[in-house]
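Report on the structure given below.
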Amino acid sequence: MSAPSRNAYVPFVSVDNMMKLVLHIGIERMMADLAAEIEADFRRWPLFDKTPRVASHSDIGVIELMPTSDGETYGFKYVNGHPSNMKKGLQTVTAFGLLADVATGYPLMLSEMTILTALRTAATSAMVAKWLAPRGATTMAMIGNGAQAEFQALAFKEICAIREIRLYDIDPAATAKCARNLTGRGLNVVSCTTPEEALLGAQIITTCTADKQNATILTDNMVGSGVHINAVGGDCPGKTELHRDILLRSGIFVEYPPQTRIEGEIQQLAPDHPVTELWQVISGTATGRQDARQITLFDSVGFAIEDFSALRYVHGRLQASGLYLDLDMIADPDDPRDLFGMILRAAA
């Protein structure tokens, strides 16, 4: 039997190779690079196919597909969200993604995306805060100290010049873990015992909790004027973090309204409640922060274009890094019409 042709192989970025790539580039540097890639794609937003992610919900979690294309390259991500997994010693979120060539339909790359999603989520948060946060912000409260917390902290340090991170989680072990991981990374880390303590002096508030419920992580009286809220945890129907009154006091910025109205904090509001699309702020066709006293809220749910940007970034570094494996993934018979004969010849 002859060896598969070159067309049969698809580069695969394993978890091991993704970790090596991140460490080779540097965590903060890679998130800054990803933020730049995502911002560049937001500037060409109208070119992309856009649809709310295709979600399969159950009582204990959700499994989603997130597709998009810019007309030349197609990408999708498979991702789940199962908050109860942590009690089983499993990840709440796992993901993988694929890039393909629109001209042929052939895959260009298959990649792990559990780590890459954490990186791109934090990069997106900090990129958005660059446009919306109060000028000169140096302190961020991090409410929810799970798997995403360190990435958020380091992205805001690198991209927004945050110098102090104030940590709170209902599980003190999560806060201790996060504080330990951030030691020596250029941040003043303050571990707090209440959310109110974490908010003291914070100009930016990031909420990133996992429970699949309509929770009230922040009440209205906890949020003063002039702050930027980065609401990351509310990302599916029935899962929110902020009291509705906070939303009514805020200028709300979203990725893709048809998806965010289903999944984000604004599922609590009327379907026609005004929001601003981030791509319009970045392209200069809409206003971001209007004044120093305004509360700005990024209702972050994650959108496919961000994953597309991240996958394309990784794909662009494959050849130079060599951090990939070739998978024999595409059937490629000598005669494209003779797939059956290819199977028969495999027995020879």
Q: Filter the strands (runs of 3 or more DSSP E) completely within region 232-348 down to those with at least 2 residues that are buried (at least 22 other Cβ atoms within 10 Å of the Cβ), modelled with pLDDT under 95 and outside the structural domain of Leu47 (by TED's automatic domain parsing).
A: 240-242
Q: Among what's in region 156-195 and is in contact with a helix residue (DSSP H, G or I) (Cβ under 6 Å, 6 or more places away or on another chain) and closer than 19 Å to Glu241 by Cβ, pick the residue that is surrounded by the fewest Cβ atoms within 10 Å (Cβ to Cβ).
A: Cys192
Q: Could you figure out which of (1) buried (at least 18 other Cβ atoms within 10 Å of the Cβ); (2) touching a residue at least 40 places away in the same chain (Cβ under 8 Å); (3) touching a helix residue (DSSP H, G or I) at 6+ places or on another chain (Cβ under 9 Å); (4) not assigned by TED's automatic domain parsing to the domain that holds Ala176 isn't true of Met127?
A: (4)
Q) Quick check: is even one residue across region 73-90 under 30 Å from Gly238 (Cβ atoms) and either outside the structural domain of Met329 (by TED's automatic domain parsing) or of a type in the set (Ser, Thr, Tyr) (or both)? A) yes
Q.
Restricting to region 1-20, count the residues that are of a type in the set (A, V, I, L, M, F, W, C) and part of a loop (DSSP other than H, G, I, E, B).
A. 2
Q: Please find, within region 70-91, the residue that is nearest to the chain's Cα centre (by Cα) out of those that are of a type in the set (S, T, N, Q) and not in a helix (DSSP H, G or I).
A: Asn80
Q: Give the residue that is farthest from Leu344 (Cα to Cα), with candidates limited to residues of region 21-49 that are assigned to a loop (DSSP other than H, G, I, E, B) and not basic (Lys, Arg).
A: Gly26
Q: Working only within region 148-178, note down all residues that are outside any helix (DSSP H, G or I) and either within 22 Å of Thr194 (Cα to Cα) or not assigned by TED's automatic domain parsing to the domain that holds Ala126 (or both).
A: Gln148, Ile162, Arg163, Glu164, Ile165, Arg166, Leu167, Tyr168, Asp169, Ile170, Asp171
Q: Sort out which residues of region 131-151 are crowded, with 21+ Cβ neighbours inside 10 Å and under 21 Å from Met222 (Cα atoms), and write them in order of number.
A: Leu132, Ala133, Met140, Ala141, Met142, Ile143, Gly144, Asn145, Ala149
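The values are calculated or read from the model by the stated rules, or taken from the named source; none is laboratory data. None of these values were measured; they are calculated from a predicted model. Please note: Cβ atoms are built from the backbone with ideal geometry, for glycine as well, and neighbour counts cover all protein chains shown.
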